[in-house]
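For reference, the structure discussed in these notes is given below.
The values are calculated or read from the model by the stated rules, or taken from the named source; none is laboratory data. A quick note: this is a predicted structure, and the numbers were derived from the prediction, not measured. Because the Cβ atoms are built from the backbone with ideal geometry, glycine has one as well, and the counts that use them run over all protein chains shown. When the accessible area is computed, the model is the full protein with side chains, heavy atoms only, and any ligands, DNA or RNA have been set aside. Shrake-Rupley method; radii C 1.70, N 1.55, O 1.52, S 1.80 Å.
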Amino acid sequence: MQLVVARIGRAHGIKGEVTVEVRTDEPELRLGPGAVLATDPAATGPLTIETGRVHSGRLLLRFEGVRDRTGAEALRNTLLIAEVDPAELPEDPEEFYDHQLMDLDVVLADGTEIGRITEISHLPSQDLFIVERPDGSEVMIPFVEEIVTEIDLDEQRAVISPPPGLIDESQAVVASARDDEADGTRTADGAGAADSAGEAPKGDA
C-alpha cells in the first residue's frame, strides 16, 4: 500500500536542497539516501533521495537530478509517497503506522462514542488525532499516553481519557476558580481572589 511520508516545503540554499514536513515516525527508514518515492502530483516523480541532513531542527533532502534552487522550488508542496507492506509492523509494539490508526473508533473507557479518526497530524511537539464527531464536527486529540490509554487494533478502537474541556469546552475547569472554591477564598464581589493565580494544566508535549 502507498503512504504519504512527507511533504516538500521551500527550497533551502542554492544547491537543490528542500525542507520537508515529515509525516512518518520512521524518517530514517522512509526518507534515507537511496529511497525512491512516488509523488503527488505523479508527474513530478518518482524522486530518488540523494542526501539528507537535519538543519535547525528541520530535515533537508536533496534529490537526484535537482541541482539548483529553481529545481528545488519547482518541487514545493509535492507529497512524497512510499510503498509499504500492509502487514509490516513497527519494531516497537507501542508504536503504530498511520494506516493502522486511520478510521479507528474513538471511545471513552465506558464505551461512550466520541468519533472516528480521519487524519493524523504530525507536529514537532506531538502527534494529533483529528477525530470526526457523529455530528460532523471535529476535535483534536493529542496522541500521548496520558490521554490515549489504549489502542486496540483487534477491536478497531482507541480508548481515551480526556481532561476536562478537551472534548466538551463547557466542561473546561479554570484552575484559579477551582482552587478558590477548594479553599473558600472569594473577593467581595464574588470573583476569585487571584484571577491569574494559575493556568489550566496542560498535557505532556
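Remark: the Thr51-Val4 segment gains 15.0 nm on full extension, using 0.36 nm per residue and subtracting the alpha carbon distance.
For q = 0.26 Å⁻¹, what log10 I(q)/I(0) does segment 24-68 give under the Debye formula with an equal point scatterer on each alpha carbon and no solvent? Taking Cα atoms of segment 24-68 as identical point scatterers yields -1.03. Compared with the alpha-carbon gap, the fully stretched path from His99 to Thr70 is longer by 7.0 nm at 0.36 nm per residue. Thr149 sits with roughly 80 Å² accessible to a 1.4 Å probe, with DNA, RNA and ligands left out of the calculation. Other residues with beta-carbon under 13 Å from the beta-carbon of His55 carry, at +1 per Lys or Arg and -1 per Asp or Glu, a net charge of +4.
Inter-part distance, segment 1-19 to segment 113-163, computed on C-alpha centroids, equals 27 Å. Taking all protein chains as shown and a probe of 1.4 angstrom, Arg116 keeps an accessible surface of around 90 Å².
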